[in-house]
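These notes are about the structure you will find just below.
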Protein chains: 4
Amino acid sequence: MINAAIVGGSGYTGGELARLLCRHPKISLEAMTSRQNAGVKVSHVMSYLEGFVDLRFEEKLGNGDYDLVFVAAPHGASMEVVPDLLKRGLRVIDLSGDYRLSDPSIYRKWYGLDHKDHDNLGRAVYGIPELFHERIAGADLIANPGCYPTCSALGLAPLFAKGLVESHAIVDAKSGTSGAGQQPTAVTHHPVCASQVTPYKVGTHRHAPEIQMVLERLARGFVDVVFTPHLIPIVRGMLCTSYARLNEPMDLGSIQLLYREYYHGKRFVRVVQGTPSIISVVGSNFCEIGLATAGKDTVVAMSTIDNLVKGGSGQAVQNANIMFGLEEASGLDFPGLGV
Amino acid sequence: MINAAIVGGSGYTGGELARLLCRHPKISLEAMTSRQNAGVKVSHVMSYLEGFVDLRFEEKLGNGDYDLVFVAAPHGASMEVVPDLLKRGLRVIDLSGDYRLSDPSIYRKWYGLDHKDHDNLGRAVYGIPELFHERIAGADLIANPGCYPTCSALGLAPLFAKGLVESHAIVDAKSGTSGAGQQPTAVTHHPVCASQVTPYKVGTHRHAPEIQMVLERLARGFVDVVFTPHLIPIVRGMLCTSYARLNEPMDLGSIQLLYREYYHGKRFVRVVQGTPSIISVVGSNFCEIGLATAGKDTVVAMSTIDNLVKGGSGQAVQNANIMFGLEEASGLDFPGLGV
Amino acid sequence: MINAAIVGGSGYTGGELARLLCRHPKISLEAMTSRQNAGVKVSHVMSYLEGFVDLRFEEKLGNGDYDLVFVAAPHGASMEVVPDLLKRGLRVIDLSGDYRLSDPSIYRKWYGLDHKDHDNLGRAVYGIPELFHERIAGADLIANPGCYPTCSALGLAPLFAKGLVESHAIVDAKSGTSGAGQQPTAVTHHPVCASQVTPYKVGTHRHAPEIQMVLERLARGFVDVVFTPHLIPIVRGMLCTSYARLNEPMDLGSIQLLYREYYHGKRFVRVVQGTPSIISVVGSNFCEIGLATAGKDTVVAMSTIDNLVKGGSGQAVQNANIMFGLEEASGLDFPGLGV
Amino acid sequence: MINAAIVGGSGYTGGELARLLCRHPKISLEAMTSRQNAGVKVSHVMSYLEGFVDLRFEEKLGNGDYDLVFVAAPHGASMEVVPDLLKRGLRVIDLSGDYRLSDPSIYRKWYGLDHKDHDNLGRAVYGIPELFHERIAGADLIANPGCYPTCSALGLAPLFAKGLVESHAIVDAKSGTSGAGQQPTAVTHHPVCASQVTPYKVGTHRHAPEIQMVLERLARGFVDVVFTPHLIPIVRGMLCTSYARLNEPMDLGSIQLLYREYYHGKRFVRVVQGTPSIISVVGSNFCEIGLATAGKDTVVAMSTIDNLVKGGSGQAVQNANIMFGLEEASGLDFPGLGV
């Protein structure tokens, strides 16, 4: 068994990691930390884990014999704890934004902070296994991607990787409210958001440069990204409706075929015939992708994930599986709820 | 008082017309027809109208002394009844798609029907008062616009009318489920749609050529329109997130100023500083518009309406007010619910 | 015109009062106070009121020439400001809980505060017009009822007033989240409440003694009340499903007839044949009541209101109309949204 | 491995059975029937099962070597197919209402049909394992309980089994819309149900006599049951708020202790300190129970389940596990979603 710990475990990301790890056949969850809930039983805070996780939150990670640490701390806090964990020789999967943007000046621009761990920033591997599988296996430090970049990049990757479209992408994203985290705010107050769809941080969301970075790696060149996130009144799940314009005419069937080939053998990506569904993937690590053409030359790539699973904790477990040479789907091999 | 009748009054559009007309100071609702509910009290079918509408549904419109008829029949059925109404000398506001697309070949292409009333198709005036006010006053027949074209065209109009953007628009629209009408279907079955956002009819929705027609009138030239409607799990209200690329750099403040000037004096359009809100307009005839810039040169125009009011029955009443020389806001001069 | 002011106007109750008063034909809204938003335009905080309310929030109520003050302050704060307003000779409608429970010892028990204004507590008239109409007309101070007591008491009143049932009532209430107010909390955090129905404060909610007080006045004797409020994932509207046991057998038709007679001439109460609907009353001051019998001898009384209108600000306006001898429905004479 | 088949597999119950069985370690899903979808791949109809269920729907069950058949047909149809399955020597778990009510005259009264299989009706074992465990192990035919009876009976059982309350129970139940099945109807049309809570079939729902039957078995005597189901705007999950009156005073702590002892060792029942949560159990086979006291002598028992799992397909799998001597939690040993 691989012994794992979660640092910063009392938020949605930590709870979801625990929900997945508690029935993982090869990874054993041995510790969870939380300043706020130190000393409290995990199942007291998350009643659904009673009978599955028999731990108490610790104030900080002890000297236990861990192989792997998931860091679910806020950005800014992650880069304070990751260097020490790496020095201890532990493998680290960081779920914050701290190690995702490889250029510290871009990090500073979008996060408003100086990056304090340039060394490890260079070593961090950006963990979307379907796109960057090879480097993950050997990594010590994984920057676990944001939910929006995961969903939109999977939706657009074949087009940009194969050079079929102009260097301009529009990502119109719709996310459930669990993506906003556990802290109540005016934006997630039920009377405010439940009868609305709310665009927010248009042009200023931190996932914009992350999407751009991924698309540029695939396209090997500059990509102009327009990213508009919206909050929709569901809790789990996300749809990205992404737009790109073809360089040359191409019919829908050929595009679908291209996608099927591109994702051939990728367990967690499902290219569907019509439009993808959120409820098909909720609770699971799957991504569904559907395609359409519209107007003169525009491809509409629609992709859905569970933002807390494939968009967060599930992808982290998938990355862990790859790092440790386990089956990629270990602990994740179950379908979405469907209803 | 102006005497009005509603043909095809038992759907959401008819009910909403009745809700608005029952407290209109200058228009009196004198008849509603419904084959399905002929003979039944209106307030029996729509309990909320008890004490406000004291009519029974009639099977078909009699020879009463009407000045104005709202036709809320399905497309295809409207063009069967409108010619006779016009021959009787009545003013007609048609809420179906039958008289919106001025070119019968485009109508045939998108509706799959031959248009049977070419004469009146040529006379019909497309009724978005904020864009085409002058022709409405003298019209006998108004083609009341679709909800998506109303919302997206109001959001994009200043950019295209002033020639500031390329001839390409992406309209990513999110509608409440009341837009799908009163008939239960698999798509609006609550377990199917309530935990999802569902793109549908991507590239094939009938409102696409209508949006294109409006933008082309404003731009005086071809516009390539990509239209992606989504069903979101709210009942009333709609957001269009529309994208266009500037010909020349322009800062956000200047764009906002342009919009404020363009809509100066238009009672029902509100250009807001940040993002627009659906709950601010629900229940009312208002449209809220917010603007952002993103990427290199993209304008993101966000617009909200209540799809049943400004996107349907409310705009029909607004058109009626203009046709009969009443105050444009007569019977519509109340705010949205806000909460 | 009657000049009115709202003290504590920046919450949902204040906004809803403003929404209703801004189109009231006989009451003119002249001032709104808010410590938090002092100096800010009302329509800046509540964009839906732009063009309808042209006021700025004042820090505290000035010496303007008001006839009527709506106090929308939190409980505890109301009894600090009400005495002075009454001394100035103004009529006051208090929307907090401060003047609802006529016995100060019960107030202390449930609100955890000593009541500081015993004098006016004795003079305050509890304002459900359909049940206590006569005393409202002559009142200086109205205690505007809670949403749950309004809805459940209207649903049960005929049974208790006519002595038909045992002295025991169960009120199983389901409220939209706007009833929780404008302040974000863990309970109204969308991911927490949107996929749930949540019972809360079972046996300990402050509306329990208020329901008991009303039923006891009607029954002229002790009534044992069990009150279980639930939060449901809608924003506006409330259903109370209330249970009482008949003393003597009585068929459903007779019960329905009794209700129709009891509420004869009451504009805002609608006794329906089957089950009542929330969407029929949303946005309006109406209460719908439906009835059923079940088990051996139990009456199930189901009642719906818009918690912000008939359950709050609308009923306050209705009380104001009665106090000033206006039409009872003045400014409130419009139907619910229906869809 | 135990070979299982599902008869009538294309509805929500069948899909949920397949979702659970596809990762069951000891039961292998070998066939699914559906008249409507005969010949179609299961994963074509239920995309979330792609990669998990590699079957095509068959028109009717063939002569395969099955050990166990889940019958997910509508009531009335089940009793047509169950006798033959039993004659073939197969174990049967029937998820319809056909074998739940042991008295055929009560069946006729509530289902409006004559029961055609009196023999097996007598042999059928009502399958709530936490209440009737011993008889399930030896059964050939399990009547899998309704969702409402499962949830409410688990909530009330200790009180009635221990004789602590009067012979009168009120069950005020709130269910997600998936309980209404896959067929779109006016009641589950999103615009109709999404902004409401809707009581339905008050006093006439078929689960009323089933609840009564269970409580009477526990109480060993007549129980007067009042059952009011409500549809709430969530998809999965159910809350029953049930009321009973104590014969003798008893404090809340003692009641909670009684419940903990009564359910000691029952893996899927969790007695919580405060109120139970739906999202804690969604996706899982758990039932959460919370308790309160209110009024003079009333116990409020609140219980939550996922209506499709513990209220249907999950409990069916639990019953199968017991019938075949497997671990009771086999294939069901995972927590709810929590968020």
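No value in this document is a laboratory result; all are computed from the given coordinates. Predicted model, so just to flag it, every value in this text is computed and none were measured. Cβ sites come from the backbone with ideal geometry, for glycine too, and all protein chains shown count toward neighbours.
If you take the square roots of the eigenvalues of the alpha-carbon gyration tensor of the range C:1-93 and sort them as a ≥ b ≥ c, do you get rounded (a/c under 1.5), prolate (a/b over b/c) or oblate? Verdict is oblate for the range C:1-93.
If each residue of separation counts as 0.36 nm, what is the full-extension length gain between B:Ala137 and B:Arg220 once their alpha-carbon separation is subtracted?
Numbers: separation 83, 0.36 × 83 = 29.88 nm, distance 2.27 nm.
Using 0.36 nm per residue and subtracting the Cα-Cα distance, I get 27.6 nm.
Within the range B:181-261, which GluC sites (Glu not before Pro) sit in a loop by DSSP and count at most 14 neighbouring Cβ atoms inside 10 Å? Before the final figure, lay out each step's value.
Numbers: sites: B:Glu210, B:Glu216, B:Glu261; in loops: none.
When the GluC sites (Glu not before Pro) of the range B:181-261 are filtered for loop state and at most 14 Cβ neighbours within 10 Å, nothing remains.
Mind telling me which of A:Phe324, A:Phe52, A:Phe70 comes out most flexible in a GNM of chain A, alpha-carbon contacts under 10 Å? With Cα springs under 10 Å in chain A, the top fluctuation among A:Phe324, A:Phe52, A:Phe70 is at A:Phe52.
The distance between label points at D:Asn63 and A:Ala329 comes to 3.5 nm (points 7 Å beyond Cα on the Cα→Cβ vector). Note on B:45-56: average number of Cβ atoms from other chains within 10 Å of each residue's Cβ is 5.
Classify the range A:73-136 as rounded, prolate or oblate, taking a ≥ b ≥ c as the square roots of the eigenvalues of its Cα gyration tensor: rounded when a/c is under 1.5, otherwise prolate if a/b is larger than b/c and oblate if not. Mind showing how you got there, number by number?
On the way: a/c = 1.82, a/b = 1.16, b/c = 1.56.
Because a/c hits 1.5 or more and a/b fails to exceed b/c, the range A:73-136 counts as oblate.
In the protein assembly as shown, the DSSP beta bridges split such that about 45 percent are antiparallel, to the nearest 5.
Using Cα atoms only, what is the angle between the long axis of helix D:78-87 and the major principal axis of chain D, expressed in degrees (0 to 90) to the nearest 10? That works out to roughly 70 degrees. Listed by chain and number, the lysines placed with their C-alpha closer than 26 angstrom to that of A:Lys60 are A:Lys26, A:Lys41, A:Lys87, A:Lys116; residues fewer than eight positions away on the same chain are left out.
Applying a DSSP loop filter and a limit of 16 other Cβ atoms within 10 Å to the GluC sites (Glu not before Pro) in the range A:48-137 leaves A:Glu59. Per residue of A:179-186, other chain Cβ atoms within 10 Å of the residue Cβ number 4 on average.
Arranged by the count of other C-beta atoms within 10 angstrom, fewest first, what order do D:Val226, B:Val309, B:Val192 take? Working shown, then result.
Details: D:Val226 27, B:Val309 30, B:Val192 23.
Ranking D:Val226, B:Val309, B:Val192 by Cβ neighbours within 10 Å, fewest first, gives B:Val192, D:Val226, B:Val309.
Cross-link partners of B:Lys310 among aspartates and glutamates, defined as those whose alpha carbon lies under 12 angstrom from its own and excluding same-chain residues fewer than eight positions apart: B:Glu16, B:Glu130, B:Glu288. Close amide H contacts of D:Val165 (hydrogens built in the peptide plane, cut-off under 5 Å, sequence separation of 5 or more or a different chain): D:Asn247.
List the trypsin sites (Lys or Arg not before Pro) within the range B:30-106 that DSSP assigns to loop and that have no more than 16 neighbouring Cβ atoms inside 10 Å. Walk me through the numbers before you get to the answer.
Numbers: sites: B:Arg35, B:Lys41, B:Arg56, B:Lys60, B:Lys87, B:Arg88, B:Arg91, B:Arg100; in loops: B:Arg35, B:Lys60, B:Arg88, B:Arg100.
Within the range B:30-106, the qualifying trypsin sites (Lys or Arg not before Pro) (loop, at most 16 other Cβ atoms within 10 Å) are B:Arg35, B:Lys60, B:Arg88.
About its Cα centre, the dipole of the protein assembly as shown is roughly 0 debye, where the only charges are +1 on Lys and Arg Cβ and -1 on Asp and Glu Cβ.
Each Lys and Arg adds +1 at its Cβ and each Asp and Glu adds -1 at its Cβ; summed about the Cα centre, chain C shows a dipole of about 300 debye. Counting only DSSP beta bridges with both residues in the range B:2-123, the antiparallel share comes to about 5 percent.
Taking label points 7 Å from Cα along the Cα-to-Cβ direction, D:Leu113 and B:Asp103 give a separation of 5.7 nm.
Among bridges DSSP assigns within chain D, what percent are antiparallel (round to 5)? It would help to have the intermediate numbers written out before the result.
Numbers: 26 of 57 bridges.
Looking only at bridges with both residues in chain D, the antiparallel portion is about 45 percent.
Oblate is the label for the range A:90-203, because a/c, from the alpha-carbon gyration tensor with a ≥ b ≥ c as root eigenvalues, is 1.5 or above and a/b does not exceed b/c. Could you name the lysines whose alpha carbon sits less than 26 Å from that of C:Lys296, not counting residues in the same chain fewer than 8 places away? Answer for C:Lys296, where 26 Å is the Cα cut-off: C:Lys162, C:Lys174, D:Lys109, D:Lys162, D:Lys174, D:Lys201, D:Lys296, listed by chain and number.
Kindly provide the helix-only [θ] at 222 nm of chain D, computed as the sum of -39,500 (n - 2.57) over DSSP H runs of four or more divided by all residues, to the nearest 500 deg cm²/dmol?
-8500 deg cm²/dmol
The spacing between the range C:183-258 and the range A:62-130, judged by their C-alpha centroids, is 51 Å.
Farthest toward the positive end of the dipole of chain B, out of B:Met302, B:Ala77, B:Gly64, is the Cα of B:Met302, where the dipole comes from beta carbon charges about the Cα centre. Computed from Cα atoms, the angle from the helix B:314-323 axis to the main principal axis of chain B rounds to 80 degrees.
Between the helical axis of C:12-21 and the dominant principal axis of chain C, each derived from Cα atoms, what acute angle in degrees is found, rounded to the nearest 10? So the helix axis and the longest Cα principal axis differ by about 80 degrees.
About the Cα centre of the range D:148-307, how large is the charge dipole given +1 on each Lys and Arg Cβ and -1 on each Asp and Glu Cβ? Please answer in debye to the nearest 20. Provide the component values of the computation, followed by the final result.
Numbers: 13 positive and 11 negative charges, 65 e Å.
That gives a dipole near 320 debye.
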